[in-house]
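To start, the structure under review is shown below, and the notes come after it.
The values are calculated or read from the model by the stated rules, or taken from the named source; none is laboratory data. Quick caveat, the model's predicted, so the values are computed rather than measured. Cβ placement follows ideal geometry from the backbone for every residue including glycine, while neighbour counts extend to all protein chains displayed. For the accessible areas, the whole protein counts, side chains as well, though only heavy atoms, and no ligand, DNA or RNA atoms are used. Shrake-Rupley method; radii C 1.70, N 1.55, O 1.52, S 1.80 Å.
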Amino acid sequence: MTSIEATTTADSDLDEIFRPIFDRIAEGAVEREVDRRLAHEEIGWLRAARFGALRVPVEFGGYGATVRQLFRLLIDLAAAESNLPQALRVHYSFVEDQLLAEPGPAREHWLRAVSEGTLVGNAITEPGVGAVDRYRTRLTRDGASWLLNGTKYYSTGSLYADHILAAADLDGERVGVLVAADADGVRQHDDWDGFGQRITASGTTEFSDVTVTSEQILGPGYGVPGPTYATGYLQLVQLAVLAGIAARAEIDARIWVGARTRGYTHSAADLPREDPLVQQVIGRLSAAAFTARAAVLAVADLLDEVLANGAKDESALVAVELAAAQAQLGVIDTVLPATSLLFEVGGASIVAEKLRLDRHWRNARTISVHNPAIQKARAIGDHLLNGAELPFGWSAGERSASAARS
C-alpha cells in the first residue's frame, strides 16, 4: 500500500459544502417515496459536489476525508434520504480498493475519475445457486479479450452509476470486472420490489456478450476466502443508513408533535408537547438516534486505523469484522423499535398517507434483512465460544445445489 495524502478537509468545511445539499434532498423525500421516483437528480447534486470523492486524497482532487468523516456524512445523508448511502455503498468500497492498491497509472486514473464525478455501482448477487458454489456469471476467452455473460439481482446503485463492478467466474476463480454501465450488452432493470428502500436502484442487471479487456479485470472478486476489510465496511454503510433513519424519525416526530394542538381528555397536559408521556417518547427516539450514530462511528474509527495500515493485519481485520457484527445487532435492535415507537406520540392522524412516516419502519426493516441478524448473532457466539472463523465475504444461494455437484 502507498501512503495516503495526509491532508484532510475539516469537518466544518465538509458540513458547509454538503449540509445544504442534504437539506435540499430531504425536502423531496416524501414526494419521491410517493411517486417512487429514482433519485437521478439528487445523485447529480452529490456528483457535482464530488461527494463520491470524499476519501480520495487531496492530491488527486478529492477531500482526503477520514473513514470517520465519511460515515458521519453518510449518516447525515441517510437522514435526508436513506436510499442514497445504500446506493453508493459499493462505490466507496471501490474507492478504498484503489487507495489500497499499489501505485500506478490505473490507481491514479480511477482516483482522478472519481474526483471528477465517476460513480461505481455493483452487480454481485445472483439468483438460484448464487455464489455458494461458483458464479453463474462468467468470463470466457474471445481472442485477445473476454466476454461477460450472466444475470445479477440486487444491483444496488447501478442505475445511478457510470461503471458497474461485477463479480464473475474466470476458469474457477472469482474475479471483479469493471464494465461501463452503458456498454453494449449491458441491460439494467428497475425491478426491485421491496416494500422499503424503494429507490436504491437495486434491480436486475443482465450481461450478454459484454466485451471485457484485461485492464477491466481487477483481480480477486468478492467472496475470496480470508479476512478482508470489505465485509465490515459494507455492513457499516447499512448501519449508517439505519442511524440516519433513526435521526429522521426523531426529527419528524418532534416536528409533528411541536405543531399539534389536539390531545385527549385524559392527557396529562393541554398540548401534546407538554405531555410528559409524549416527551418521554421523543427522548427515547433521540437516544436511539444517538446510540446508533455512536456505534457506527466507533466501528469507523477502527476501520480508519486498519485501512491506514494497509488492511493486511489479520487480527485487526477480525477485530473490525467482529465490531461491525456486534454493532449490526445493537443498531438493528435500537432502530427498529424506535421507528415503531414514534407513532405513540399521536392518534390516527399520524398515520396519514401524506406524512409517510411508515417509510422509516419499512426502510429500516428492509435494510436490516440484507445481512440476517439471526445468522450474524450465531456467528458471533460461535466465534467467541469456540474460536470459529467469522463469515467474511459470505454469499447467498442454494446450498443443496452446490452440495449435489461436490
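The table for this structure:
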read-out	value
Convex hull per residue volume in Å³, alpha carbons only, for the range 221-270	120 Å³
Surface share of carbon and sulfur [accessible, 1.4 angstrom probe, percent] for the chain	52 percent
Percentage, to the nearest whole number, of Cα pairs in the chain over 33 Å apart	33 percent
Degrees, to the nearest 10: 230-259 long Cα axis against longest axis of the chain	20 degrees
Alpha-carbon spread of the range 69-115, three principal axes, descending order, Å	38, 16, 15
Local net charge near Val67, Cβ-Cβ under 11 Å (Lys/Arg +1, Asp/Glu -1)	-1
Under 5 Å, built H, 5+ apart or other chain: amide partners of Arg174	Gly221
Estimated inter-spin distance, Ala48 and Asp190, nm [label 7 Å along Cα→Cβ]	2.0 nm
Residue-normalised accessible area of the chain, expressed per residue, 1.4 Å probe, Å²	44 Å²
For the range 299-394, convex hull volume per residue from C-alpha positions, Å³	124 Å³
Rounded to whole Å, sorted largest first: equivalent-ellipsoid semi-axes of the range 185-331, Cα gyration tensor	43, 24, 10
Per residue Cα convex hull volume in Å³ - calculated over the range 252-302	62 Å³
Helix 11-27 axis, angle to the chain major axis (alpha carbon atoms, nearest 10°)	70 degrees
Estimated translational D of the range 191-253 in µm²/s (Stokes, Kirkwood radius over Cα pairs; 25 °C; 0.890 mPa s)	156 µm²/s
Total formal charge among the other residues, if their Cβ is under 10 angstrom from that of Ala379, Lys/Arg +1 and Asp/Glu -1	-1
At 0.692 mPa s and 37 °C, Stokes diffusion of the range 109-224 via Kirkwood alpha-carbon radius, µm² per second	230 µm²/s
Candidate residues Thr366, Thr228: accessible-area rank, largest first, probe 1.4 Å	Thr228, Thr366
Degrees between helix 105-115 axis and first principal axis of the chain (Cα, 0 to 90, nearest 10)	20 degrees
Span per principal axis, largest first, for the Cα atoms of the range 11-65 (Å)	41, 20, 13
Spatially proximal lysines relative to Lys312 (Cα-Cα < 24 Å; intrachain offsets below 8 disregarded)	Lys376
Gap separating the Cα centres of the range 246-318 and the range 24-87, nearest whole Å	20 Å
Summed residue charge, Cβ within 14 Å of Arg138's Cβ, Lys/Arg positive, Asp/Glu negative	-3
With all protein chains modelled, accessible area of Asp23 [1.4 Å, Å²]	90 Å²
Positive dipole terminus of the chain, leading residue within Leu148, Thr205, Leu111 (C-beta point charges)	Thr205
Ratio Rg/Rh [Cα only; Rh per Kirkwood] for the range 36-111	0.99
Ser349 accessible area, 1.4 Å probe, all protein chains in place, Å² to nearest 10	60 Å²
Rounded D (µm²/s) - the range 1-152, Kirkwood Rh over Cα pairs, Stokes-Einstein at 25 °C, 0.890 mPa s	142 µm²/s
